[in-house]
Amino acid sequence: MQKIIPNTKYLGKNIQWFGEVSSTMDIVKAQAVSGAVEGLVIGADKQTAGRGRFNRKWESPSNTGLYFSFVLRPRLSSKEMFVVTFLSSLAVCEVCRELGVNASIKWPNDVLIEGKKVCGILTQAEFKRMDLDFLVVGVGLNVNTLEKDIPAGGCSLLSVTGKEFDREEVLVKLLDRIEFWYERVKVEGVAPVVNSWKGMCVTLNSHVTIADSNKIIEGLAIDIADDGGLLVKQNNNEIIKIL
Ligand code: BTN
């Protein structure tokens, strides 16, 4: 991508877009450590070592998906930090819906279309002594990714609609929504994001089976805890929080 002109006040005012990188997470982190202000966005047409949660590989084929990371320096307690991941998945879900696809969110941070994952979000926190210094948020959205390049259980905007999307336009919309929700967090706290996020979340009120450390937890997902954890009512009626 060449010339990206965001509508935002600061998120993406500095966008550095590369042809190929190892992982946009590492580039943003290095710049943040050197003092980059919040709002810096690093993106790439291709990642050779894109990674996801639990250090899983994130397939990032050339020129088809959106792979970008950004830095934020929020004044949030460690209990409230989850809201940045939530607002990012909320923004992605909203933009997908605006583009005409019926997306939803799966706790904690996947965006799904027809039960298949179209987007993953990775958030990494850096601390200075006890305080949060910055967050790096990485978004991987399969836009025009061909079915043959999508791992099992995944999809792309193209694979579900049969239509190609302008990646630059999608990026501009995403940055706009992410900034919108981030601004609201600054003024109103986490509640508006959490409420809107819940409205798009398919995990709540459904039966879940989750591998947590070395045990399997099963039950009904009943709510989100103050720190973003999932509250699951097990068959013995005991409520357990999963982080
Ligand atoms: C997940 O679902 O496990 C999170 C996937 C996050 C992928 C994005 S792509 C842009 C950024 N760079 C990376 O290496 N990972 C994130």
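The values are calculated or read from the model by the stated rules, or taken from the named source; none is laboratory data. Please read these numbers as outputs of a predicted model, since none were measured by experiment. When we count neighbours, we look across all protein chains shown, and the Cβ atoms used for this are built from the backbone with ideal geometry, even at glycine. We work out accessible area using only protein heavy atoms, side chains counted, and drop any ligands, DNA or RNA first. Shrake-Rupley method; radii C 1.70, N 1.55, O 1.52, S 1.80 Å.
What are the ³J(HN,Hα) values, in whole Hz, obtained from phi via the Karplus relation 6.51 cos²θ - 1.76 cosθ + 1.60 with θ = phi - 60°, for each residue of region 225-239 in sequence order, with x given for Gly and Pro?
Running phi through 6.51 cos²θ - 1.76 cosθ + 1.60 with θ = phi - 60° gives 7, 4, 9, x, x, 9, 8, 10, 8, 7, 4, 8, 6, 6, 9 Hz.
Give me D for region 157-243 in µm² s⁻¹, whole number, from Stokes-Einstein with Rh from the Kirkwood sum over alpha-carbon pairs, 10 °C and 1.306 mPa s.
Values: Rh = 15.7 Å.
Once the numbers are plugged in, D ends up at 101 µm²/s.
Run the accessible area of region 15-199 with a 1.4 Å probe and give the carbon-and-sulfur part as a rounded percent. Write down the numbers at each step before the final one.
Numbers: 3880 of 8140 Å².
On region 15-199, the fraction of accessible area on carbon and sulfur atoms equals 48 percent.
First measure r as the distance between the Cβ atoms of I217 and R53, then evaluate 1/(1 + (r/R0)^6) with R0 = 22 Å and state the FRET efficiency to the nearest 0.05.
Computed FRET efficiency for I217 and R53 comes out at 0.80.
Hydropathy at least -1.0 by Kyte-Doolittle, axial extent at least 18 angstrom from the Cα trace: which helices of the chain, defined as entire DSSP H runs, fit? Let's see the in-between values first.
Values: long enough: 82-98 (24 Å, 1.35); 167-188 (31 Å, -0.41).
Answer set is 82-98, 167-188.
Can you tell me the accessible area per residue over the chain, all protein chains present, probe 1.4 angstrom, in square angstrom? Working shown, then result.
Details: 11770 Å² over 243 residues.
Result: 48 Å² of accessible area for each residue.
If you place +1 on the Cβ of every Lys and Arg, -1 on the Cβ of every Asp and Glu, and leave all else neutral, what size is the dipole of the chain about its Cα centre, to the nearest 20 Debye?
On the way: 29 positive and 29 negative charges, 50 e Å.
Its charge dipole is roughly 240 debye.
Working out 0.36 nm times the residue gap between S78 and K3, then minus their Cα-Cα distance, what length gain in nm do you get to one decimal? The partial results should precede the final answer.
Details: separation 75, 0.36 × 75 = 27.00 nm, distance 3.61 nm.
Contour length minus Cα-Cα distance gives 23.4 nm.
Which value, in debye to the nearest 20, describes the size of the charge dipole of region 158-230 about its Cα centre when Lys and Arg Cβ atoms bear +1, Asp and Glu Cβ atoms bear -1, and nothing else is charged?
Details: 8 positive and 13 negative charges, 27 e Å.
The calculated dipole for region 158-230 is roughly 120 debye.
In the chain, how does Rg compare with the Kirkwood Rh, expressed as the Rg/Rh ratio over alpha carbon atoms? Please list the in-between numbers first.
Working: Rg = 17.4 Å, Rh = 18.3 Å.
Computed over Cα atoms, the ratio is 0.95.
What pairs from K3/K46; K128/K198; K79/K173; K57/K117 go past 20 Å between their alpha carbons? Walk me through the numbers on the way to the answer.
Values: K3/K46 17 Å; K128/K198 32 Å; K79/K173 28 Å; K57/K117 14 Å.
In this structure, K128/K198; K79/K173 lie more than 20 Å apart at Cα.
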